[in-house]
1. Rounded to whole Å and ordered largest first, report the semi-axes of the equivalent ellipsoid of region 309-403 derived from its Cα gyration tensor (root of 5λ).
2. How tilted is helix 321-350 with respect to the longest principal axis of the chain? Cα atoms for both, answer in degrees (0 to 90, nearest 10).
3. Order these peptides, 133-142, 391-400, by their mean beta-carbon neighbour count within 10 angstrom, highest first.
4. Just to be sure I understand: with springs between alpha-carbon atoms less than 10 Å apart, which residue in 115, 259, 367 has the highest mean-square fluctuation in the Gaussian network model of the chain?
5. Cα centroid distance between region 338-371 and region 182-259, in Å?
6. Expressed as an acute angle from 0 to 90° and rounded to the nearest 10, what is the orientation of the C-alpha long axis of helix 430-443 relative to the principal long axis of the chain?
7. Can I get the semi-axes of the chain's equivalent ellipsoid? Compute them from the C-alpha gyration tensor as square roots of 5 times the eigenvalues, in angstrom, largest first.
8. So how much slack lies between residue 43 and residue 96, counting 0.36 nm per residue of separation and subtracting their Cα-Cα distance, in nm?
């Protein structure tokens, strides 16, 4: 938001801007055209008209009021909170020893809240021409942007003015009954009402740093070097006892754009000295599947299974959007627990607590798909295992077993599960299973 659009080098032309806009619109139009039959001339003509630059830009200028660029957002406190969110570069008078949004400087990434259906407008304004975004050019009222948008100067300036409001607060500052509110006492007996907002831009910078430290190729190579006892030019960072806070459930984009990019995750680092040691993780020996006993007995899993079963029993005679969304949310949490369990085993191998290839132990009776899922580093010394892993057929089997396991856990006298209900339940789980399969692929 602080880009100086009056000091552009090299100078921009309207043609440069038009070319970037045309490429953007073509990229959005083409996938839609590919879904329309060649002989459906009416629908194809409607799409071409809707994505004509002047038509689309006019519509975007109208819809930009549905979203807002922010650094501090209210919906992280509660998804139904309707108060104000704000864009602020932070307290520039804070000391160097204090960490806040002000410490990000040029690395500050604005978030976007509002109607998720209007996020394409933000992507449009985030397009870069040279060193600057269209939003920066709109805020600076750059004449070449006006020339690129429309031959009608009055129309172009109206659109630019609309786009430039993206980072402006909508309406008067207001809190909400679902927001955090703190009554701060004053010396005269009165109070200030403080409404802390979630620093989404600062959180995003932390999230990217931690994720890079945990999953980058450089960090993985450094850990491997340490395990092998050889020198490596780079070190690596560990974050023990870190927790992950989730926002938005299965719809993180409803909270904000950056929350969607973070997969709804917020890393929480421990703020107290450690006073306990995690128990040594034990490999799942003597079982055919981890889902039958080991995974089922995890406290969080038991709690979620019980909550889901109680919820389904309470709404057995009903079916509406709210019920389906709650069911999907609880199921997604169980998927997360499955991924967490697998990550714990893989982390134990990386830290040397378990040896890679522990599934070769004669006590291991796991089915092949779960061996591939939970012991991927075995492939480094087992070519056949590595080849089978790379064929990428095992995630489907994991998802099927997960679905059957969860279906069995929901069977009660009030909620009997015959083969028909089991098939229906698996169809309900289809979306979550696809998400789980994608997460399995992304985390390997």
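Just so you know, all these numbers are worked out from the coordinates, no wet-lab data involved. What you see is a predicted model; the values in this text were computed from it and never measured. Glycine gets a Cβ as well: all are built from the backbone with ideal geometry, and neighbour counts include every protein chain shown.
1. 35, 14, 11
2. 60 degrees
3. The most tightly packed comes first, giving 133-142, 391-400.
4. 367
5. The two parts, judged by their Cα centres, are 27 Å apart.
6. 90 degrees
7. 44, 29, 27
8. 13.3 nm
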